[in-house]
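Report on the structure given below.
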Amino acid sequence: MPLVMPGTTCAEFREGPLRVLVPRSQAEALRPLVGRAAALYRHLAHDAGVPASPLTLVLSDELDEHNGFSSVVPDDAVWVVLAPAPPRSGIFDGSDHLVRTLTHEFAHHLSNTAERSTGLRRVLQMLTGRTMPDEPLSMLWAWATIPSHATQPSFWHEGLAQWVETAYADPASPWAGRGRDSLTHMVWRLDAAAGAIPAPGDWRPGYQQWPFGNRPYLYGVAYTRWLEGAFGGRASLWNLIDAQADEPPFFFDAGAEAPLGRRHQELLERARADLLAEQQGILAQLRSRPLTAARRLTPPDSVFGAPAWQPDGRLAAVHVDPFGIDRVALVDAAGAIERTGMRATRGGEVRALGDGSYIYADTAASLPDGWPGLEPGCGACQDSNEVFLFTRSRIALVDASGRSRVLDGRRMLQPDLRRDGTGWQVAAVRLGPAGSQQLVRCTVPLDGPQGAWEPIPVQGRAWSPAWRPGGGGLAWVETWSGGSRLVLADPDRPGERTLLAEVRGRLLHPVWQADGAGLFVCADHSGVANAYWVSLARPGELVAVTNTVGGVLACVPSPDGRELALLDHDARGPFLARIANRPAEWPGTVPAITLAWPAPVAAEAAPIPLAQAAKRPTPLPADPPPAAAPAQDYHGLPLIRPLYLTPTT
């Protein structure tokens, strides 16, 4: 997969050890971020005890959902997608997602860098480069040239990177790394409740379950969180990285023996036992109040997004099957699933009106403007594996008669609609350049041209717009460094706002009840994501609707108000459920748990003295570094060179 799509015009920054490629049109807007990235890279390299060697950083705006990647074979590169992750995501950061992802990916690079290679391995790397193996002899040569640490288990790599993003985060922030995140802790808790915490032997090869392949991340950070609790007073994971880098390729177990006096297998067994004991104590806290009985309607081998009610009583939701194909599906009260042919945002939301019209974000793979052979603006839909990841999201609206239309505008997420005369008012989140986003609205006539998208002023990052029934304004969620707030305002008078709720953490998917007197929203400020009700008569008061051991990320009332559709989780992943809407049975309040970092375990004394002083994380500078020097036009021809010379059969 290319890091930059053909036809993209790039600019280049040279900032200290970084060579940064960015979209040319966004170069000036990205100058401050490039300056921060260079300072962050140098800071982490200093703490890691390795040189800040030359590194290519690609800041890409080709995708509409956030991610990052690191590679040291055959060359050093980090690729970060500028678009933010939505609140439902396990990598959501409500304040500064790009800095946290840069921290994570730089940690990968500094763990696996060739600077950690010594002896013959170092000499061979200098002579032939790092080899991409594709047949027997080159595979042997790769074994001798790839940095040894890069061959360690995937859960170890991801655990280290999440340790760095958590250890360097401000612990007072609600967005302080995945080691403190409610959705990460949720999986350990659910596995403990089901007696399904995997054996350490299943952590090592990369346990590809729950849901669809992210368990190496979840149990990798569980292990490094435990190591930080048990040994953080004397050792640091930077020291462990040094020790692992000195091991032969693919040899993992003995890497902890020199600095900690124990092999990984023993440490993993103890980490598993301590993790189980911790989560059992938390489960007892949650069960001290009656739990919400939510029966799983949907199969365990699927992922579902937030649902919407249909006139026939079925739920419309985005369904991702085990093959990764995402379609809008209809789910009845017995759990029978009818998949439609309509593709949608993976894990995205569907919203509906009582008449049967509904709206969702459609991200069928589309080629970006500038792709060779396409006219400008074409964005022709493709299902080709080569271009599948390069998507641009659009809004699809289906009216009560079943007629559908795709709205003008790209990079549109989380839409909601309301009736407006003979057409609709639509509000959505529009992604912009350099990782920015806007809350926007437009008018969509039943017949005739769509109106222009108009921005709505907000404070912080805006998410999840929800029209109040009866023309009573628009509610939306805003995230900032201190948490999330839910506000209500008339888009024509956005300065006149009502604060409905404010928490330190996520607020997710607000949905109004039919009479507009209150709305349901999910929040994770207690340490567990639950559903809450907010009355317009008592703004600021969150009344708990559910008490779950999993995590409720959506709560949608039926048009008649008799039922609630939930998006909950158990040890087999997310699922849809339906429960009766009986306010007298709501818990009202839920127990608050601690998402501890590091793990609350007894500190160990390492019996073997460390070979060097412990490399503890040092605080990041409080003041932002200066912006990078202006970018230059990128010219790739002078950089063409052989990457490696490989003995081959």
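The values are calculated or read from the model by the stated rules, or taken from the named source; none is laboratory data. These figures come from a predicted structure and were not determined experimentally. When we count neighbours, we look across all protein chains shown, and the Cβ atoms used for this are built from the backbone with ideal geometry, even at glycine. Calculation scope for accessible area: heavy atoms of the full protein, side chains included, ligands and nucleic acids excluded. Shrake-Rupley method; radii C 1.70, N 1.55, O 1.52, S 1.80 Å.
Some notes on this structure:
- Where a residue in the range 279-306 is within 15 Å of residue 571 (Cα to Cα) and its partner, wherever it lies, is open to solvent by 10 Å² or more (accessible area, probe 1.4 Å) and among the basic types (Lys, Arg), with Cβ under 9 Å and at least six apart: 294/578; 295/578; 296/572; 297/578; 299/572; 300/572; 301/572; 303/346
- Residues in the range 477-492 that are out of contact with any Ser or Thr (no Cβ under 8 Å at 6 or more places or on another chain), part of a strand (DSSP E or B) and surrounded by fewer than 19 Cβ atoms within 10 Å (Cβ to Cβ): 490 only.
- Members of the range 401-418 that are open to solvent by 60 Å² or more (accessible area, probe 1.4 Å) and over 17 Å from residue 452 (Cα atoms): 401, 403, 404
- Qualifying residue in the range 456-468 (condition: without any contact (Cβ under 8 Å) to a residue 40 or more places away in the chain and open to solvent by 60 Å² or more (accessible area, probe 1.4 Å)): yes
- Here residue 315 does not qualify as of a type in the set (A, V, I, L, M, F, W, C), out of contact with any Pro (no Cβ under 8 Å at 6 or more places or on another chain) and at pLDDT 95 or above.
- On inspection, residue 4 qualifies as part of a loop (DSSP other than H, G, I, E, B) and either of a type in the set (S, T, N, Q) or in contact (Cβ under 8 Å) with a residue 24 or more places away in the chain (or both).
- Residues of the range 531-570 classified as under 23 Å from the mean Cα position of the chain (by Cα) and of a type in the set (D, E, K, R), total: 2
- Of all residues in the range 55-67, none are at pLDDT below 95, within 27 Å of residue 133 (Cα to Cα) and hydrophobic (A, V, I, L, M, F, W, C).
- Residue match in the range 384-402 (condition: at pLDDT 80 or above, touching a helix residue (DSSP H, G or I) at 6+ places or on another chain (Cβ under 9 Å) and over 21 Å from residue 473 (Cβ atoms)): no
- Residue satisfying all of: in the range 159-182; among the acidic types (Asp, Glu) and surrounded by 24 or more Cβ atoms within 10 Å (Cβ to Cβ); farthest from the chain's Cα centre (by Cα) among these: 165
- When the strands (runs of 3 or more DSSP E) confined to the range 239-349 are screened for residues that are in contact with a strand residue (DSSP E or B) (Cβ under 7 Å, 6 or more places away or on another chain) and open to solvent by less than 10 Å² (accessible area, probe 1.4 Å), those reaching at least 2 such residues are found at 315-320, 326-331.
- Screening residue 430 against (1) open to solvent by less than 30 Å² (accessible area, probe 1.4 Å); (2) under 18 Å from residue 494 (Cβ atoms) leaves a single unmet condition, (1).
- Flag if residue 589 is open to solvent by 20 Å² or more (accessible area, probe 1.4 Å) and polar (S, T, N, Q): yes
- Matching residues, the range 37-46, being open to solvent by 10 Å² or more (accessible area, probe 1.4 Å) and not small (Gly, Ala, Ser): 40, 42, 43, 46
- Within the range 561-586, the set of residues being part of a loop (DSSP other than H, G, I, E, B), charged (D, E, K, R) and surrounded by 12 or more Cβ atoms within 10 Å (Cβ to Cβ) comprises just one member, 572.
- Within the range 142-153, being in contact with a helix residue (DSSP H, G or I) (Cβ under 7 Å, 6 or more places away or on another chain) and either surrounded by fewer than 16 Cβ atoms within 10 Å (Cβ to Cβ) or part of a helix (DSSP H, G or I) (or both) holds for 144, 145, 148, 149, 150.
Yes/no per residue for (1) assigned to a loop (DSSP other than H, G, I, E, B); (2) open to solvent by 40 Å² or more (accessible area, probe 1.4 Å); (3) closer than 19 Å to residue 87 by Cα:
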| site | (1), (2), (3) |
| --- | --- |
| 494 | no, no, no |
| 522 | no, no, yes |
| 528 | yes, no, yes |
| 534 | no, no, no |
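- For the range 84-116, filtered to residues that are within 23 Å of residue 32 (Cβ to Cβ) and among the polar types (S, T, N, Q), the residue that is most open to solvent (accessible area, probe 1.4 Å) is 95.
- Scanning the range 531-541 turns up at least one residue that is of a type in the set (S, T, N, Q) and under 30 Å from residue 456 (Cα atoms).
- Boolean, residue 192 is out of contact with any Cys (no Cβ under 6 Å at 6 or more places or on another chain), assigned to a helix (DSSP H, G or I), farther than 23 Å from residue 286 by Cβ and of a type in the set (A, V, I, L, M, F, W, C): no
- Matching option when the condition is open to solvent by 10 Å² or more (accessible area, probe 1.4 Å) and either in contact (Cβ under 8 Å) with a residue 12 or more places away in the chain or more than 23 Å from residue 177 (Cα to Cα) (or both), among 73, 20, 81, 58: 73
- Test: residue in the range 11-30 that is among the acidic types (Asp, Glu) and closer than 17 Å to residue 104 by Cβ: no
- Scanning the range 206-221 for residues that are touching a Pro at 6+ places or on another chain (Cβ under 8 Å), open to solvent by 30 Å² or more (accessible area, probe 1.4 Å) and modelled with pLDDT of 85 or more turns up nothing.
- Being under 26 Å from residue 413 (Cβ atoms), among the β-branched types (Val, Ile, Thr) and either over 26 Å from the mean Cα position of the chain (by Cα) or not in a strand (DSSP E or B) (or both) is a description that does not apply to residue 50.
- Residue satisfying condition, being modelled with pLDDT under 90 and open to solvent by less than 90 Å² (accessible area, probe 1.4 Å), within set 596, 605: 605
- Filter result for residue 120 (outside any loop (DSSP other than H, G, I, E, B) and open to solvent by 50 Å² or more (accessible area, probe 1.4 Å)): yes
- Residue 103 polar (S, T, N, Q) and in contact with a Phe, Trp or Tyr (Cβ under 7 Å, 6 or more places away or on another chain): yes
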